[in-house]
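This report refers to the structure that appears directly beneath it.
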Amino acid sequence: MRAACFKLSKGVITISNHWNWYIEFADSHAGCFFAIKRYIYSGRTPYQQVEIVDTESYGRVLILDGKVQSAAFDEYIYHEALIHPAMTLHPGPRRVLLIGGGEGAGLRELLRHPQVEEITMVDIDKQVVELCREHLEEWHRGAFDDARVRLLFMDARRYLEETEEQFDIIISDLTDPSAAGPSYLLFTRQFYETAKKRLTPGGILTVQGGGLSLDYMQIHGALRNTLGRVFKIRRSYHTHIPSFDSEWSFIIASDLHDPLALDREKVDQRLKALADQLKFYDGETHEGLFRLPKNIRRLLSENLAVIDDENPVAVY
């Protein structure tokens, strides 16, 4: 990815040598952009293109294959939404598997829960993790070095197929499934069936489910349907992530635990020991996360697609 150089004047794009802009395309006709102050790192690993930049609007930003993954300004919204609903819903999560999550912020949030005894993090791209360890300390805050954390650098699907370990919670924090990316076959029915075998009875799986724009909605709907083929309960939830310029979605799945059964009082009671550490998630937020607007509910109800190995899905 190379940043285009331009500035806006009365809505007209003109070339300028004084501005560096990051542009992320939602599709071939639309996108968003923001100004870059300086590049911290730019290069390619064996798996993906990596940029770490400082921006005017969002502070430091991690970009993989041309898509924003985390920004200092609002990463806590994404990571608290990803981690804490499942951790709050499960009555006693001791062993957790985190798939992806190279920034270390997911580890940071998991480690807030005192009952957690062991976290296994599986990420295929060791170089990204090392770059984040070096340049994104504000994200991980030393979480990679916690004694409860075990890091494995390998393909997550192969790991789940080969291991006999069991987990109370599995969190899938993968990049979007692009055809050329490393997570292309980690969103299929077969993958989720394999993941379910590694869950303890009553275990919970959470996945990041992509944006809820009209273009991404089909992917989220297909993910939701696919998880519904594997688990008895699957619930979509969402929140706005400013640096993504999008309403972002997640899906929580289980055969036993339903997040809609938790009201704000129960959530706040279960979070009592760490409530002061959280900036985004609490009981009132929990109830709002799982309230989908009518138009989104309608679009999801009309989507019948299921993702499998023979028919995978890819984002633009």
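Give me a count of the residues in the range 204-239 that are part of a loop (DSSP other than H, G, I, E, B) and within 21 Å of Ile77 (Cβ to Cβ). Walk me through it before giving the result.
Step one: filter the range 204-239 for residues part of a loop (DSSP other than H, G, I, E, B), giving 212-213, 231-232.
Filter once more, keeping what is within 21 Å of Ile77 (Cβ to Cβ): 212-213.
Residues that pass the stated criteria total 2.
Residue by residue, here is whether (1) farther than 24 Å from Leu151 by Cα; (2) modelled with pLDDT under 90; (3) in a strand (DSSP E or B) holds:
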site	(1), (2), (3)
Phe33	yes, yes, yes
Tyr39	yes, no, yes
Asp54	yes, no, yes
Ile83	no, no, no
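With Leu152, Leu185 as the choices, which residue is out of contact with any strand residue (DSSP E or B) (no Cβ under 8 Å at 6 or more places or on another chain) and not acidic (Asp, Glu)? Being out of contact with any strand residue (DSSP E or B) (no Cβ under 8 Å at 6 or more places or on another chain) and not acidic (Asp, Glu) holds for just one of Leu152, Leu185, which is Leu185.
Evaluation of Pro177 against the conditions (1) buried (at least 16 other Cβ atoms within 10 Å of the Cβ); (2) not in a loop (DSSP other than H, G, I, E, B) shows that the sole unmet condition is (2).
The set of residues in the range 186-210 being small (Gly, Ala, Ser) and free of Cβ contacts under 8 Å to residues at least 40 places away in the same chain consists of Ala195 alone. Tyr216 meets the conditions (1) among the hydroxyl-bearing types (Ser, Thr, Tyr); (2) at pLDDT below 95; (3) surrounded by fewer than 21 Cβ atoms within 10 Å (Cβ to Cβ) in every case but one. The failed one is (3). For Glu130, the requirement of being of a type in the set (Asp, Glu), outside any loop (DSSP other than H, G, I, E, B), in the same structural domain as Asp268 (by TED's automatic domain parsing) and over 28 Å from Asp276 (Cβ atoms) is met.
The C-beta contact set for the range 289-316 (first residue within 24 Å of Lys67 (Cα to Cα) and of a type in the set (Val, Ile, Thr), second residue modelled with pLDDT of 90 or more and assigned to a helix (DSSP H, G or I), distance under 7 angstrom, 6+ apart or interchain) comprises Ile307/Arg189; Ile307/Ala222; Ile307/Leu223; Ile307/Thr226; Val313/Ala222.
Tell me which residues, restricted to the range 282-291, are within 13 Å of Ile252 (Cβ to Cβ) and either assigned to a loop (DSSP other than H, G, I, E, B) or not assigned by TED's automatic domain parsing to the domain that holds Thr206 (or both).
Within the range 282-291, just Phe290 meets the criteria.
Every listed requirement among (1) surrounded by fewer than 24 Cβ atoms within 10 Å (Cβ to Cβ); (2) more than 22 Å from Ala253 (Cα to Cα) is met by Glu103 save one, (1). Considering (1) under 23 Å from Arg235 (Cα atoms); (2) outside any loop (DSSP other than H, G, I, E, B), the lone condition that Pro93 does not fulfil carries the number (2). For the range 187-202, filtering for residues that are small (Gly, Ala, Ser) and surrounded by fewer than 16 Cβ atoms within 10 Å (Cβ to Cβ) leaves 1.
Across the range 56-78, what is the total count of residues that are of a type in the set (A, V, I, L, M, F, W, C) and part of a strand (DSSP E or B)? So the answer is 6.
The values are calculated or read from the model by the stated rules, or taken from the named source; none is laboratory data. Note that the structure is a prediction, hence the values are computed from the model and not measured. FYI the Cβ positions are ideal-geometry reconstructions off the backbone, even for glycines, and counts take in every protein chain you see.
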